[in-house]
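K.L.:
Let me begin by handing over the structure; questions about it come next.
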Amino acid sequence: MTVLEDSPFVRACRGLPVTHTPVWFMRQAGRSLPEYRKIREGVGMLESCRRPDLVTEITLQPVRRHNVDAAIFFSDIVVPIAAAGIDLDIVAGTGPVVAEPIRAESDLARLRELVPADVDFVTEAIGLLIAELGKTPLIGFAGAPFTLASYLIEGGPSRTYLKTKAMMYGAPDLWSALLSRLADITLTFLRVQVDAGVSAVQLFDSWAGALSEADYRRYVMPHSAKVLTGLLDAGVPRIHFGVGTAVLLEAMGEAGADVVGVDWRTPLDEATRRIGPDRAVQGNLDPAILFAGWETVERETRRVLAQGKSAPGHVFNLGHGVMPETDPEVLTRLVALVHEVSGS
Ligand code: CP3
């Protein structure tokens with residue numbers, strides 16, 4: 001249960017001086033790696049998340065290959081809501097699909113509270129991982145209430161979030177009850193991970209960028225704040241990330257984050273002006289840049305590192321997850337470049 005305080009990753013999250021800018025990639029454990037595709041053959045996504053042996057191996061694969069400064073626990077944002085009673089599946093190429101979406105008050109009963117024993121497999125996997133990882137910190141994560149609610153209400157991925165927004169604006173009491181329950185589940189799920197030994201947590205509000213700042217502050221932020229401030233005494237850095245969140249960066253920091261994740265649309269110096277001087281940033285190379293040839297990767301990486309210097313701490317990452325088609329060798333080279341350019 002010890003946070004790896006001396007690691008460049010945790011130090012950058014805390015805004016402390018580092019020997020080099022730490023780097024890891026969202027979705028580093030996954031389909032860009034042939035060894036991942038091999039080990040997943042014939043095993044469903046949810047099943048693989050429930051098998052500590054597989055979780056351990058898949059989490060370690062990108063650490064071995066790329067020399068990243070942190071591991072991210074292999075799981076999915078819908079794992080805790082499946083453990084809390086919702087019938088769902090993760091369909092390859094589509095994402096989470098919920099058998100019976102939540103649309104009315106009477107549906108809420110199907111989403112019960114989460115107790116730590118529901119996710120014993122997570123505690124077990126993290127225990128195995130901490131032993132293997134040594135000095136490399138492990139990042140735990142969860143989906144934020146809004147992003148989880150969008151899957152539960154829509155029944156699957158959405159481009160417009162029509163049903164989600166219809167409930168948010170049209171049935172605010174039901175909305176608030178649902179998000180409050182999701183906040184409790186998320187907080188319990190992250191507590192389990194902290195108790196098992198992760199060195200940081202990331203709250204993914206991937207789809208919050210669909211909202212205006214005013215609506216985010218009114219309908220979403222109190223619930224995300226309940227999760228993030230609920231972890232204040234846990235002593236681990238808290239990262240808060242979303243896509244398309246340029247107008248939300250300040251509020252996402254205020255919600256209780258130590259580090260704000262920034263997508264590729266906002267340069268890190270501009271993001272830092274919005275977020276303020278008290279929080280570190282994470283990001284934000286466009287994942288598509290990795291397909292544009294090495295010269296471009298190098299130029300853009302140097303730009304991101306230079307702009308990241310205006311923040312009190314910078315954790316290098318992509319602006320969103322690694323695309324499945326990415327050449328893993330480009331990722332390995334990128335890690336070496338970040339270390340070399342930023343190293344003292
Ligand atoms: O390497 C890591 O980052 C750790 C593992 C991880 C997964 N999902 C594994 C996964 C993490 C951190 C997530 C988070 C997640 N899941 C988010 C937030 C991050 C983001 O990208 O914004 C979201 C929105 C989900 C929901 C979800 N699960 C989607 C949209 C998909 C992709 C659908 C597809 O197949 O393209 C999934 C499936 C999923 N989660 C896969 C992986 C490795 C692919 C499934 C497979 O390999 O069969």
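K.L.:
When you go through (1) touching a strand residue (DSSP E or B) at 6+ places or on another chain (Cβ under 7 Å); (2) in a loop (DSSP other than H, G, I, E, B) one by one for residue 265, which number turns out not to apply?
P.N.:
Among (1) touching a strand residue (DSSP E or B) at 6+ places or on another chain (Cβ under 7 Å); (2) in a loop (DSSP other than H, G, I, E, B), residue 265 violates only (1).
K.L.:
Residue check, residue 96 against (1) surrounded by 15 or more Cβ atoms within 10 Å (Cβ to Cβ); (2) farther than 12 Å from residue 156 by Cα, all met but one. Which one?
P.N.:
Result: residue 96 fails condition (2) only.
K.L.:
Report those helices (runs of 4 or more DSSP H) wholly inside the stretch 12-71 carrying at least 2 residues which are in contact (Cβ under 8 Å) with a residue 40 or more places away in the chain. Step through it out loud before you land on a result.
P.N.:
Working: elements: 34-39, 45-49, 52-66.
Hits in the stretch 12-71: 45-49, 52-66.
K.L.:
Mind listing whichever residues of the stretch 77-90 are open to solvent by 10 Å² or more (accessible area, probe 1.4 Å), touching a helix residue (DSSP H, G or I) at 6+ places or on another chain (Cβ under 6 Å) and within 11 Å of the ligand (Cβ to nearest atom)?
P.N.:
Within the stretch 77-90, 88, 90 meet the criteria.
K.L.:
I would also like to ask the following. Please list, ordered by first then second residue, the pairs with beta carbon atoms under 6 Å, 6 or more apart or interchain, first in the stretch 312-332 and closer than 15 Å to residue 302 by Cα and open to solvent by 10 Å² or more (accessible area, probe 1.4 Å), second modelled with pLDDT of 95 or more and not aliphatic (A, V, I, L, M).
P.N.:
314/21; 314/308
K.L.:
State all residues of the stretch 26-46 that are small (Gly, Ala, Ser) and either open to solvent by 50 Å² or more (accessible area, probe 1.4 Å) or within 9 Å of the ligand (Cβ to nearest atom) (or both); if no residue qualifies, say none. Please lay out each step first, then the result.
P.N.:
Residues of the stretch 26-46 small (Gly, Ala, Ser): 29-30, 32, 42, 44.
29, 30, 42, 44, listed by residue number.
K.L.:
What number of residues within the stretch 213-235 satisfy the criterion of being in a loop (DSSP other than H, G, I, E, B) and either crowded, with 24+ Cβ neighbours inside 10 Å or modelled with pLDDT under 95 (or both)?
P.N.:
0
K.L.:
If you go through the stretch 97-109 one residue at a time, do you hit one that is modelled with pLDDT under 95 and more than 20 Å from the chain's Cα centre (by Cα)?
P.N.:
Step one: filter the stretch 97-109 for residues modelled with pLDDT under 95, giving 109.
Now drop any that are not more than 20 Å from the chain's Cα centre (by Cα), which leaves 109.
Checking the stretch 97-109: at least one residue is modelled with pLDDT under 95 and more than 20 Å from the chain's Cα centre (by Cα).
K.L.:
Quick check on the stretch 295-304. Is at least one of its residues surrounded by 18 or more Cβ atoms within 10 Å (Cβ to Cβ) and assigned to a loop (DSSP other than H, G, I, E, B)? Explain how you work it out, then say what you get.
P.N.:
Step one: list which residues in the stretch 295-304 are surrounded by 18 or more Cβ atoms within 10 Å (Cβ to Cβ), which gives 297, 301, 304.
Narrowing the set further to residues that are assigned to a loop (DSSP other than H, G, I, E, B) leaves none.
The answer is no, given that none of the residues of the stretch 295-304 is surrounded by 18 or more Cβ atoms within 10 Å (Cβ to Cβ) and assigned to a loop (DSSP other than H, G, I, E, B).
K.L.:
I've got another one for you. Can you tell me which of 132, 113 is of a type in the set (Asp, Glu), outside any strand (DSSP E or B) and in contact with a Leu (Cβ under 7 Å, 6 or more places away or on another chain)? Outline the logic, then answer.
P.N.:
Details: 113 fails: in contact with a Leu (Cβ under 7 Å, 6 or more places away or on another chain).
Criteria check complete, one pass: 132.
K.L.:
I would also like to ask the following. Restricting the stretch 63-76 to residues that are more than 7 Å from the ligand (Cβ to nearest atom) and charged (D, E, K, R), which is surrounded by the fewest Cβ atoms within 10 Å (Cβ to Cβ)?
P.N.:
64
K.L.:
Between 79, 63, which is of a type outside the set (Ser, Thr, Tyr) and in contact with a Cys (Cβ under 7 Å, 6 or more places away or on another chain)?
P.N.:
Numbers: 63 fails: in contact with a Cys (Cβ under 7 Å, 6 or more places away or on another chain).
Only one candidate passes the filter, namely 79.
K.L.:
A further question on this structure: Go through the residues of the stretch 153-166 one by one and say whether even a single one is touching a Leu at 6+ places or on another chain (Cβ under 6 Å), part of a helix (DSSP H, G or I) and either touching a residue at least 60 places away in the same chain (Cβ under 8 Å) or surrounded by 22 or more Cβ atoms within 10 Å (Cβ to Cβ) (or both). Give the derivation first.
P.N.:
Of all residues in the stretch 153-166, those touching a Leu at 6+ places or on another chain (Cβ under 6 Å) come to none.
No, the stretch 153-166 has no match at all.
K.L.:
Tally up the residues in the stretch 137-153 that are out of contact with any strand residue (DSSP E or B) (no Cβ under 6 Å at 6 or more places or on another chain) and more than 19 Å from residue 185 (Cα to Cα), please.
P.N.:
Result for the stretch 137-153: 1.
K.L.:
Here is a further query. Among the residues of the stretch 47-57, is there at least one that is open to solvent by 10 Å² or more (accessible area, probe 1.4 Å), within 10 Å of the ligand (Cβ to nearest atom) and charged (D, E, K, R)?
P.N.:
For the stretch 47-57, residues open to solvent by 10 Å² or more (accessible area, probe 1.4 Å), within 10 Å of the ligand (Cβ to nearest atom) and charged (D, E, K, R): absent.
The values are calculated or read from the model by the stated rules, or taken from the named source; none is laboratory data. These numbers come from a predicted model, not from an experiment. We place every Cβ from the backbone using ideal geometry, glycine too, and count neighbours over all the protein chains shown. To get the accessible areas, we keep the full protein, side chains included, count just its heavy atoms, and leave off ligands, DNA and RNA. Shrake-Rupley method; radii C 1.70, N 1.55, O 1.52, S 1.80 Å.
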